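Here is the structure we will look at, set down as structure tokens.
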């Protein structure tokens, strides 16, 4: 494995040759560029492809128009944005020392990053509440939760994500040039106070809400299965399986994010720390590729819908009414 900080093979060039205010650019071995860019391209395309399958499946097939799946759709949209925009840029930042996308996008990119991340986390919290109601009070679940209410909660969640992200990045968005020493540089500076606030809002609070809910879900589901009759037992098992699957999604999310926040709060500021933060940013983005894989492993409806999409059966008449739950017949 090559040492990225080794100056023996690095030569210095300018990011923009014809600009006297240009930042310097570190040149790395060609093999590193090829490996990183191929890896980033493949991962980004794979993430976009998988999340498009989720979005098309839930949007097209009538059987999937349920409140829980609408929440999964919101999560897939956020993951699609990650694969389409965030992954390529974050991947480029792993190996490129220059910023080639201009000052405007330098300001907008962190806002998109924070907003998508917070929206994903908010959706996971709503999913946890949804699963808790479904398992804890299954008879009144259809009255308490419907597509209209879920849609409103999604809109509120995305609006909050935007306002919260704007609050964290307020000074950077208004005065981005304060942190730029040359042309071709894009450094996002967040105060320690805001880092602590962000860690509390995006790590401590979700853990305090999500973990107790899923613990209660496990106990309630186990207790209910013992008392339900054979007619309703199938429904109970289905709800328990959905809760378990989405619980895995939440657990994977927290596993990807916890090291990032813990390291951010440790306060390292040298060059090695900057590289580690870039790597952790990329690992966080990789989480968006995991959710569809989890659905593929645990949801038969996703495997069937993906098969119908890839074989172009969705273009056939009445394809929206194809049965994705053959075991219910």
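Readers should treat all values here as calculations from the given coordinates under stated rules, not as data from a laboratory. Just so you know, these numbers come straight off a predicted model, no measurement behind them. Positions of Cβ are backbone-derived with ideal geometry, glycine not excepted, and every protein chain shown enters the neighbour counts.
Using only alpha carbon pairs under 8 Å that are at least six residues apart, calculate the relative contact order of the range 30-316 and give it in whole percent.
So the answer I get is 27 percent.
Any idea what log10 I(q)/I(0) is at q = 0.17, 0.22 Å⁻¹ for the range 35-93, Debye with uniform C-alpha scatterers and no solvent?
Each listed q corresponds, in turn, to -0.56, -0.77.
If neighbour count is taken as other Cβ atoms inside 10 Å, put 185, 30, 171 in order from fewest to most.
Ordered by Cβ neighbours within 10 Å, fewest first: 30, 171, 185.
Find how many whole Å separate the alpha carbon centroid of the range 130-184 from the alpha carbon centroid of the range 63-86.
13
Please report Rg (one decimal) and Dmax (integer) in Å for the Cα set of the range 30-316.
When restricted to Cα atoms, the range 30-316 yields Rg and Dmax of 20.6, 71 Å.
Only Cα pairs under 8 Å and at least 6 apart count here; give the relative contact order of the range 33-183 as a rounded whole percent.
Relative contact order, the range 33-183: 29 percent.
At 10 °C and a viscosity of 1.306 mPa s, what translational diffusion coefficient does Stokes-Einstein give for the range 105-216, taking Rh as the Kirkwood radius over Cα pairs? Give it in µm²/s as a whole number.
Here the translational diffusion coefficient equals 99 µm²/s.
Going by Cα centres, the range 273-320 and the range 101-116 are how many Å apart?
24
What percentages, rounded to whole numbers, describe P(r) for the range 119-182 computed over all alpha carbon pairs with 5 Å bin width beginning at zero?
With 5 Å bins starting at 0, P(r) equals 4, 15, 17, 16, 12, 9, 8, 6, 5, 4, 3, 1, 0.
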